[in-house]
Each structure stands twice: as structure tokens, then as C-alpha cells.
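To start, the structure under review is shown below, and the notes come after it.
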Amino acid sequence: MARYLVIVESPAKVKTIKKFLGSSYVVTASNGHVRDLPKSQLGVDVEHDYEPKYITIRGKGDILAGLRREVKKADRVYLATDPDREGEAISWHLSKALKLEDKKTYRISFNEITKNAVKASLKNAREIDMDLVDAQQARRILDRVVGYKISPLLWAKVKRGLSAGRVQSVALRIIADREEEINAFIPEEYWTLDANLKVEGERKPLTAKFYGTDKKKMTIHSKEELDNIQKEIEGADYTVEDIKKSERTKKAPVPFTTSTLQQEASKALNFATSKTMRIAQQLYEGVDIKGNGTVGLITYLRTDSTRISEEADATVREYIGANYGQEYVAAGEAKNGSGHKNIQDAHEAIRPTDVSRTPVAMKESLSRDQFRLYQLIWKRFVASRMQPARYETTSVRIGAGQYRFTVAASKIVFEGFRSVYTESGEEKEENNVLLKSLDKDSKLTKIDFESKQHFTQPPAHYTEAALVKTLEEWGIGRPSTYAPTISTIIARRYVAKENKNLYLTEIGEVVNNIMKQSFPSIVDVNFTANMESLLDGVAEGKVNWRTIIENFYPDLEEAVEKAEEEQEQVKIEDEVTDVVCDQCGRNMVIKYGPHGRFLACPGFPECRNTKPYLEKIGVPCPVCGKEVVLRKTKKGRKYYGCEDNPECDFMSWQKPSLKKCPRCNSYMVEKGNKLLCSDEQCGYVENIENKENNKK
């Protein structure tokens, strides 16, 4: 009897796929990559057409030996690695490592691990797509030459253990640029004014918001402006000038791509991008479902397409009609509104493999996190084939002298897709029941005004979700690279993550500055996005992969040589302090560790005494009067605290000043070239004309 060998990447898939195929099929796993560039050297022959030097990955010898034994017994070999460029490259490496040139070898791929998909892939077996392989080779070599050429420079100029990466350096720059925006931001004052009005015949007052004049919308910039407006309308009559009723619709969302899944899982479930991908991988490869064995619950998780197969589309529409009613079934297909040009449309969006496997039915078989992510994917997919939500909106314009106030309300009249799914952070409709009783003859009387001072806010710090969205919008990286890129810059301590926000650390700032000065093209977002387009060209067979390396490498080498000569040493001699080592009497020095500076005895290794480093800023603590010192969180973010911590709990993210607020006597903080009152309710701001004067 014929014997067929199917090689997959992950052992977790073996069990799932085995049950779909007959006894003539043997399914085994390569455990991911089997060959790669060597760690001990560049591994690219720059003198001979940039030929990569691949070696067997350490620890994979036994796996390859086992695969070779199975290959000998097989009449036909199917390489069933993941359906993307990396998966194509793994298949090619397997064919080389197992010497399959003389064997009947076929490449198969499936977007979901289901019986139909696996069997269909066997009928559509093909040769390895060398264009996809070459695109992956080009990416790997580009990343290797950037990392292996620039990282030693960072070791020499800053400290050992640092690294540079083609995509990670751009991600770091994006975060650093946002940090600069935030630091340079100066808040501007504005006020809101609400009028509480008595409607004749109604008990509850109606609250109307200040709009402006009958010709234009106005922003109230100061208390003086606010007082003038209130004076002008003190005795004014309040009349209903206009009532508009209309209906608006909110379209159903498209199914998840890798990027949108990572963003929504971050916002709705508080998952890091790496956690989202890890759990999605488990759902894709197969979960043991009671009564069904191991089942792949979702389609392939690395995709930037929102396309859905005709079969899946028909099935979900049938499910919606049966469970929610025909009026909930979408009239047409939900379109991808991203406008992204580089969609790899061979893939589908991320969806359940079987819509009848509802989250509730699967709950007992899944871990808590698996259930939550599966539920998110299932709901989004079902919602994508449902009718839009419809709202009834009412807006009222109220006149008061030359000024206008407005009241708005909206009420949902048809839930549509919202009966299944609502995005996190979606605003709730305003349901102002008083508007039903209003008409142009309604008599309104002012009860009182409510005013509130506000300040404009700086751009928000990036979160992982926001960074993924930005990388995707700018065409930097691909679905498979978002999570590892973010994980790398956090692991290298270039960026600290606190309460979802990403903050630039001191070491991250140093590395970013060196990259901007010496390698501006590598950290240029347009250059990196263009490189992704070239890699897409390789995958489409339009660009030779060696040409990309030929055009890139000489400029990189020249920039490295120039930086080695011109880039100043950032690492300085250990700074001696007046703190005496209490073990050996030497003056302690400042050292740098994973969490920033600390004090160490210069007598190391004989004396291993260390202490936390506290940098005094010459300002007394506003709480207890002792010195304010510069501290760092465990993740490397700077803040200012009292030297007497934990006895005194004073802390500030901005640098405190000696100057007191002339309005409320609170301490002030420095931000850019301004001094701000630390009391947000006060909001006093003044220019820093001379920092030295502010210390007096």
C-alpha cells in the first residue's frame, strides 16, 4: 500500500490533522525552522552575490534524523507548513535539509485545520513557490545585516548587550517622536458652558450646551470670555429655534485581520500583542473539544486580508437568519475600509472554522483566555455579515440673544450587528427623553449656568494596540512581525510598558539618537515602508531579491564605518560620588544596570556593595521639605520623588520647580519652556524666561 508523509510545523497540529487522513498517511512535525543563518557570524557572503550560508539549527539534528527515516519509507512527501512566506521558506529548507530533490515532493497549504480544508489541499498540491521563499530570504538577510553590522557599534559606543533591528529601530523612533511631541506640548485653556433650562410642564430640567453664535461655533478660551458671554445673555429669552430629526446608520465591522485582532484584544481583553498571538495560535492548531477530539477553531492568524470564502459567507448568513431573523442578515458583503494596498488576498480574514461552534458551546473545553479570544473572533465574524445598526437622532438649537445652545439625543431603533458585537470604547447613545416634549412653542426659562475649566491634552502615549495600528498604516512590517517587534524593544528595555502605555527609557533614547544620527534611512518610516513594497515585489516575482540586498548593503557598510569614526562614545567613565562605601570606605561610583543607574563600590570584585542611586535636583520636597531626587520605576521610566521614601510618598512625573504658583501656592513643574501649576484644577501656566531665576 502507498505510504504518504505529511510534514507540518507544530506538533500540536499533528493530532488534529491525523484524524482527517487515512491510515496510509503519516503526519509528523519539524518543530518550526530546521535551518538558519549561523549565530556566530554574519552568515552572508557579501563577496559572492550575497549568498546566505545556512546551517542546521542546534538541537534539530535528532528531529531531522527522524524525518529522514520517515522520508525513506514514503512514496510521496507533502510539506504542509504555514500558509505564508515564512511557512513557504520552512518548506524549502526542509526540502534542502532532507534532500527531497529526487523524491515526489509537493507543497500543500490550508487556511484552516478542518477536514475539508486539509483534503482540498491534497487535491491542489503544488510546487514550492520560490518567489515567496526569496521574499522571506531577502527579509531574513536584510534583518541579519542590519543587526550584525550595527549592534557591535552600539556595544562599542554605549554598552554591551544592545541590538539594532531593521523594523524594531523604526518602531523605537515612532515611540521616541511621540515622546518628544508630548514633552513639547503646552496645554491651552478652554471653558464649557451649560445652561440648565426649565421646560414648561416638565419636572426635570433640560441641559443645553453652549455652541456659539448663529453663524459659527465658538471656543471659550478664558474666564474673562466666559463672564462676558454670561453677562450678555443674563436677561435673554430662551427659545427653540430649530428641531431636526434624522436617522443615521453604523456599518457592521469587517472581520479581524492580525492587526485589528491585536488592537481589539488589547483594548477589550487587556492582552499584550504577544499573548494574543500565542492564544490565537492555540485556537488555530487545535483544541481538545469534548466529544469531537482535537479541533482547529479559527482560521490562520497571520493575515492582512478581510476576505471571507464563499462557503463561510453562506454558512454564517444562514446561521444569522436562523438565530436572529432574516432582517438581521446583511444585504451585501462587508468591505475592507482600511485602504491598505499590500493585502495578501490569498489569505482569508481570521474567523471561526465553524460558526455553529458558539463560544458558549466551546466554553467548557477552553481556558479562560482561549474562551475570551475565541468569543471576540466569533462575535466579530458573525457581526460582519449583519445589517447596520440604525439610530434615530434629534438635535435642538436654542437661541439666547446672539448666542446659541444645543441639545442632542440619539436612540437605537434597530440593533442590527450590535445585537452580537460592540467595539470596546464605543460611545453610548444619548437618550434625552425631554426632547420628545419639545417643540418650537415650548417655553424655556433659565435656572442656572454650569461652567467648567478644561485644558487641551497632549497626544497620548502609544499603547501596543496604537503602535500596531500605526505600523500597519505606514506599511511597516507584516502581520507576523508586529508582536515580535514590540516584544523585542520591551525586552531590550528601550521601552517601558506601564498601564498599557509605552514609554521611552534612557537607554532607548540613547540608541534612537545614535540611529537617527548615523543611520537615518534605516529609521525613516518611508524608507522602511518602501522596503516592504520591494519585498512584496519579490513575492510577486517582479523584483530580484539579490538586487534589493545589492542596493542596500554598500550604503549600510559605509554608514557603519563612518559612525565608528565619528560617533561619540556615549559610555562615560564611572562618575565618582561623595557616597562612601560602608563596607570598605571607598567613594562609590555610578554604574548602569537593566533598570538604570545605581551606586557600586569601585573595589569590585573584592567589594560587591551596591546602593540605589538618587540624583538630587536641588528642590525641597513640597510635602516634607527634604530633597527631591530623580528616581526610576522598575521598568526604567523616570519620575521625581522624595529622598525619604517610603516615609514620604511625594512623587511627580514632571520636574518640580522651586517657584510656587502665584494663584494657589501649589508647587510648579517644568514642561518644555513653561512652568505649570501642579494642581490641574488651577491650571496656571507661565513662560520660563530664565530657569536660574526660578531656582531663586
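Quick notes on this structure:
- Residue in the stretch 198-219 that is under 21 Å from Ile476 (Cβ atoms) and of a type in the set (Val, Ile, Thr) present: no
- The lone exception for Glu318 - which of (1) within 19 Å of Arg351 (Cβ to Cβ); (2) charged (D, E, K, R); (3) open to solvent by less than 60 Å² (accessible area, probe 1.4 Å); (4) assigned to a helix (DSSP H, G or I) it fails: (3)
- Just one of the listed residues (Lys452, Lys363) is under 28 Å from the mean Cα position of the chain (by Cα) and open to solvent by 70 Å² or more (accessible area, probe 1.4 Å), and it is Lys363.
- Test: Leu142 is in contact (Cβ under 8 Å) with a residue 24 or more places away in the chain and open to solvent by less than 30 Å² (accessible area, probe 1.4 Å): yes
- So Glu188, is it open to solvent by 60 Å² or more (accessible area, probe 1.4 Å), under 30 Å from Glu224 (Cβ atoms) and of a type in the set (Asp, Glu): yes
- The set of residues in the stretch 15-41 that are under 32 Å from the mean Cα position of the chain (by Cα), outside any strand (DSSP E or B) and within 20 Å of Ile90 (Cα to Cα) comprises Ser30, Asn31, Gly32, His33, Val34, Leu37, Pro38, Lys39.
- Top-ranked residue in the stretch 629-667 [being open to solvent by less than 60 Å² (accessible area, probe 1.4 Å), hydrophobic (A, V, I, L, M, F, W, C) and touching a Gly at 6+ places or on another chain (Cβ under 7 Å); ranked as farthest from Arg493 (Cα to Cα)]: Phe650
- Scanning the stretch 232-261 for residues that are closer than 30 Å to Met277 by Cα, part of a strand (DSSP E or B) and open to solvent by less than 60 Å² (accessible area, probe 1.4 Å) returns a single hit, Phe256.
- Filter result (of a type in the set (Lys, Arg) and either touching a residue at least 12 places away in the same chain (Cβ under 8 Å) or in contact with a His (Cβ under 7 Å, 6 or more places away or on another chain) (or both)) within the stretch 100-128: Lys103, Lys104, Arg107, Lys115, Lys119, Arg126
- Scanning the stretch 201-221 for residues that are assigned to a strand (DSSP E or B) and either open to solvent by 100 Å² or more (accessible area, probe 1.4 Å) or not small (Gly, Ala, Ser) (or both) yields a total of 8.
- The residue that is most open to solvent (accessible area, probe 1.4 Å), among those in the stretch 668-677 that are out of contact with any Leu (no Cβ under 6 Å at 6 or more places or on another chain) and over 13 Å from Pro187 (Cβ atoms), is Asn673.
- Test: residue in the stretch 560-569 that is small (Gly, Ala, Ser) and part of a helix (DSSP H, G or I): yes
The values are calculated or read from the model by the stated rules, or taken from the named source; none is laboratory data. All of these numbers come straight from a predicted model, not from anything done at the bench. Using ideal geometry, Cβ is built from the backbone for each residue, glycine included, and neighbour counts are taken over all protein chains shown. Just the protein is used for accessible areas: all its heavy atoms, side chains included, with ligands, DNA and RNA removed. Shrake-Rupley method; radii C 1.70, N 1.55, O 1.52, S 1.80 Å.
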